[in-house]
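To keep things clear, I will list the structure first and then write my remarks on it.
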Amino acid sequence: MLAPLRNRNFALLWLGGMISFAGDWAMLIALPVFIYDLTGSAMATGGAFIALSLPRLLFASLAGVFVDRWDRRRTMIIANLLSAAVLLLLLPVHAASQLWLVYAVAFLH
């Protein structure tokens with residue numbers, strides 16, 4: 001069962017995928033909690049879940065067609081770098097008036 005992990009390249013890919021997966025789940029939990037803490041509104045919190053889930057529903061099938069044709073390594077690297085850059089936009093958010101930026105980042109992430 002652990003034989004594939006003996007291959008260094010596969011082990012690195014697996015470890016990187018697990019770290020990325022953990023980060024995505026942390027984002028799915030932390031962003032709505034942050035919004036609720038910021039606004040105290042359950043509706044605003046629900047909007048965060050919608051903003052996080054809607055792109056997957058709308059674009060997953062179409063993106064899959066293109067991603068299968070591109071170089072997988074380069075696509076993963078570019079996607080992760082863009083994701084990190086988008087998440088940096090959350091740093092200046094400190095008030096409920098900036099909630100639109102949180103929704104935009106959640107949608108793009």
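The values are calculated or read from the model by the stated rules, or taken from the named source; none is laboratory data. Remember, predicted model here, so these are calculated numbers, not experimental data. Reconstructed Cβ throughout: ideal geometry from the backbone, glycine too, with neighbour counts over all protein chains shown. To get the accessible areas, we keep the full protein, side chains included, count just its heavy atoms, and leave off ligands, DNA and RNA. Shrake-Rupley method; radii C 1.70, N 1.55, O 1.52, S 1.80 Å.
Out of S41, S20, S61, any idea which swings most in a Gaussian network model of the chain, alpha carbons joined below 10 Å?
Comparing S41, S20, S61 in a Gaussian network model of the chain, the most mobile one is S61.
Shape verdict for segment 47-109, please, from the Cα gyration tensor: rounded (a/c under 1.5), prolate (a/b greater than b/c) or oblate.
Oblate, since a/c reaches 1.5 and b/c is not below a/b.
Which whole-number percent of Cα pairs in the chain have a distance greater than 25 Å? Kindly include the intermediate steps, with their values, before the conclusion.
Working: 1957 of 5886 pairs.
Within the chain, distances greater than 25 Å cover 33 percent of Cα pairs.
Applying the Karplus parametrisation 6.51 cos²θ - 1.76 cosθ + 1.60 with θ = phi - 60° to the phi angles of segment 52-60, what ³J(HN,Hα) value in whole Hz is obtained for each residue in order, glycine and proline being reported as x?
Each residue's phi maps through the Karplus curve to give 6, 9, 4, x, 5, 5, 7, 10, 4 Hz.
Considering only protein heavy atoms and a probe of 1.4 Å, how much of the accessible area of segment 31-108 is carbon and sulfur, as a whole percent?
Numbers: 3970 of 5590 Å².
Its accessible area is 71 percent carbon and sulfur atoms.
Can you give the charge dipole size of segment 27-103 about its Cα centre, rounded to the nearest 20 debye, using +1 on the beta carbon of Lys and Arg and -1 on the beta carbon of Asp and Glu?
Values: 5 positive and 3 negative charges, 64 e Å.
Charge dipole, segment 27-103, about its Cα centre: 300 debye, nearest 20.
Leaving out ligands and nucleic acids, and using a 1.4 Å probe, what accessible area per residue does segment 31-108 come to in Å²? Please report the intermediate quantities before stating the final value.
On the way: 5590 Å² over 78 residues.
Each residue of segment 31-108 exposes 72 Å² on average to a 1.4 Å probe.
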